[in-house]
1. Could you give the length gained by full extension between Asp19 and Gln62, i.e. 0.36 nm per residue of separation minus their alpha carbon distance, to one decimal place?
2. Using a simple spin-label model with points 7 Å from Cα along the Cα→Cβ vector, what separation in nm is obtained for Glu27 and Val40?
3. From the phi of every residue in the stretch 4-15, what ³J(HN,Hα) in whole Hz does the Karplus formula 6.51 cos²θ - 1.76 cosθ + 1.60 yield, where θ is phi - 60° and glycine or proline is x?
4. How big is the accessible area of Ile34 in square angstrom, nearest 10, if you roll a 1.4 angstrom probe over the protein chains?
5. If only Cα atoms are counted, what is the Rg of the stretch 1-49, and what is its Dmax, in Å?
6. Between Lys6 and Asp52, how many nm apart are label points set 7 Å from Cα along the C-beta direction?
Amino acid sequence: MTMDIKAKIEQIVKKLLSDKDLMQKFEKNPAAVIEEYVGVDLPDDLVNQLIDGIKAKIKLEQVGGALNTLGGLFKK
């Protein structure tokens, strides 16, 4: 099975950031959420890659949002 990991990470992060309930489930059991989203049982190494990538991307999104908010404070 071929999977574009970067694209899958982008899709999952977008979904997680738009669905607070799903984000809470991801925080409790990320592997289950990923496999449910993808629809197949994935090898552990691939799941771990996805989890690491998703967590990193979420942090970047959150930092970017915070920086945008701070930047807006200085635009007077």
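The values are calculated or read from the model by the stated rules, or taken from the named source; none is laboratory data. Just so it is clear, the structure is predicted and the values come from calculations on it, not from any experiment. Backbone-built Cβ (ideal geometry, glycine too); neighbour counts: all protein chains shown. Please note that ligands, DNA and RNA were not included when accessible areas were found on the heavy atoms of the full protein model with its side chains. Shrake-Rupley method; radii C 1.70, N 1.55, O 1.52, S 1.80 Å.
1. 14.0 nm
2. Label-label distance for Glu27 and Val40, simple model: 3.1 nm.
3. 7, 4, 4, 5, 5, 4, 4, 4, 5, 4, 4, 5
4. It works out to around 0 Å².
5. Taking only Cα atoms of the stretch 1-49, I get Rg and Dmax of 10.4, 30 Å.
6. Label-label distance for Lys6 and Asp52, simple model: 1.7 nm.
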